[in-house]
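Some notes on the structure that comes next.
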């Protein structure tokens, strides 16, 4: 055990810590041996992974982005992740994170691949794990919206806002007119 203290503090020495640590190491090893004997023939718990694929940022055609493949809730490690673009394996720029523990004692891991999305591209993330009878594959296709779709949405929103504003103003004058009579 290492304690870090400020440079200006006094040095603290615990002369029996090393003997105490050696004693606790022997106790730990003894308990470990007992646990191994008790659990010797128990089957290993296997949790197959859940696979999700999504882009890091909002997708715009022709602009660089990253796809993220989240491999979650699996036990035991390891998993193998493979990326393809239009059925051709991609290895350049692919990353695989370390294993991150979940609260339920399973793990999660992230893999990324850089992309420049074009209409018609199909990306896939394939995961292999001993909990899966066959590799699990998730597909992702870029949803490329045409500019006219955005214009229609804005036009519809503006019309709805003006309509609601008109109803509000009409109701206000109706109530004022009734209260004046």
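The values are calculated or read from the model by the stated rules, or taken from the named source; none is laboratory data. Since the model is a prediction, treat every value here as computed from it, not as a measurement. Here Cβ is always computed from backbone atoms with ideal geometry, including for glycine, and neighbour counts include all displayed protein chains.
For region 33-49, state whether one or more residues are surrounded by 10 or more Cβ atoms within 10 Å (Cβ to Cβ), part of a strand (DSSP E or B), touching a strand residue (DSSP E or B) at 6+ places or on another chain (Cβ under 9 Å) and at pLDDT 90 or above.
Yes - at least one qualifying residue is present in region 33-49.
Anything in region 52-71 that is within 18 Å of residue 98 (Cβ to Cβ) and buried (at least 16 other Cβ atoms within 10 Å of the Cβ)? List them, or say none.
Hits for region 52-71 are 68, 69, 70, 71.
So which of 113, 122, 88 is without any contact (Cβ under 8 Å) to a residue 60 or more places away in the chain, loosely packed, with under 14 Cβ neighbours inside 10 Å and under 19 Å from residue 62 (Cβ atoms)?
Step by step, each of 113, 122, 88 is checked, and only 122 is without any contact (Cβ under 8 Å) to a residue 60 or more places away in the chain, loosely packed, with under 14 Cβ neighbours inside 10 Å and under 19 Å from residue 62 (Cβ atoms).
Only one of 132, 164, 174 is more than 19 Å from residue 72 (Cβ to Cβ) and either at pLDDT 85 or above or touching a strand residue (DSSP E or B) at 6+ places or on another chain (Cβ under 6 Å) (or both); which?
Numbers: 132 fails: more than 19 Å from residue 72 (Cβ to Cβ); 174 fails: either at pLDDT 85 or above or touching a strand residue (DSSP E or B) at 6+ places or on another chain (Cβ under 6 Å) (or both).
After applying the criteria, what remains is 164.
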